Amino acid sequence: MTEDTRMLSDEALDALLDTDKTPPRLPATLRMRLIAAAPQPGVAPTGDSLTLARNGMARAGRGRNWARAAALGLTLAGGAAAGFAGGAAALPTATPEQTLLDMALSAPFDPLAAFAEDDA
Amino acid sequence: MAPDRQQALDADAQLLRAAAGGDREAVVALVDGNGPRVLALARRMLRDEQAAEDVVQEAFLRLWRIAPEWRAGQARVSTWLHRVALNLCYDRLRKKREILTDEPVEQIDDTPDAEAELVRAQTAARVRAAVDALPERQRAAIELCHYQELGGAEAAEILEVSVEALESLLARGRRALRAALAEDRPAPRTDSGGMP
């Protein structure tokens, strides 16, 4: 069978396909959710807790107090053992991802107070 | 099994064992090592950022759940994640047949490269539409082999087909793309455009 001469060559097709190629990148909030959902002794992650985490981060993603809501998301995902002390003054501006993760996993947390501050 | 593949398999399995025991560094290594590529696959299959993130989250959640029972040698973690994510994408695509496409946004830009970038974006959108129009399995084969840059054996394992069947899917997919993209490719310029 002969090839249709109007069709692209393999090389031309590869070049075209490459125009829609972008390097993979993991958004910071998703990365935190995946890490927060990982096995922790005594805490079983559930779909519900992850949904709550995602909602917290979606709220954060609109630009206002994202760090606090991200921490809240982590807290909900991580279960009762996780927590965050709350308070905007304590929130870091540099390398927030790891810092928030550490904070969320190490301190007590009052989610209602955090939301109240977020809405203020 | 090739030494490189065995080594990669063992490295992932070791990380997963450590993650199952609560080792956060292992968790981070697994997320950073596999998350971006799995998300890239889900993005390309679904064309919906939120849905793609949900798929990645679900795939990792399943990985974390089975981590304590993971047996070294059964599969590469990355292969397993790709397979789970792909099946989750299929589920979503079947539930929602309409494909969302991201049309390039035209922006006024007077930088010297603006026109070239616009042409590139338009070409990318055309390619994206052609790939999206492929039958599901052919599309998955193209995504795994071209965009995820996986080898034939691993892509076949993810699709749960033989390497020969994968090659057939690829050949049919590429043929369809070559035809589709040739049909609406711009006519070649006939003027020489040269200055004496």
Considering only residues that are in a loop (DSSP other than H, G, I, E, B) and hydrophobic (A, V, I, L, M, F, W, C), look in the range B:112-154 and name the one that is nearest to B:L41 (Cα to Cα). B:L150
Of B:A29, B:A42, the only residue that is in the same structural domain as B:N87 (by TED's automatic domain parsing), touching a Cys at 6+ places or on another chain (Cβ under 9 Å) and at pLDDT 90 or above is B:A42
Filter the range B:119-138 down to the residues that are closer than 15 Å to B:A171 by Cα and surrounded by fewer than 19 Cβ atoms within 10 Å (Cβ to Cβ) and list them by number. B:P135, B:E136, B:R137
Residue that is surrounded by the fewest Cβ atoms within 10 Å (Cβ to Cβ) [pool: residues in the range B:141-175 that are in contact (Cβ under 8 Å) with a residue 60 or more places away in the chain and over 18 Å from B:R128 (Cα atoms)]: B:E160
What pairs come out if I take residues in the range B:28-50 that are at the interface with chain A (Cβ under 8 Å from one of its Cβ atoms) and pair them with residues that are of a type in the set (S, T, Y) whose C-beta lies under 8 Å away, six or more apart or interchain? B:R37/B:S78; B:A40/A:T22; B:A40/B:Y147
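The values are calculated or read from the model by the stated rules, or taken from the named source; none is laboratory data. Since this is a predicted model, take the numbers as computed values, not measurements. Don't worry about glycine lacking a Cβ; one is built from the backbone with ideal geometry, like all the others, and counts go over all protein chains shown.
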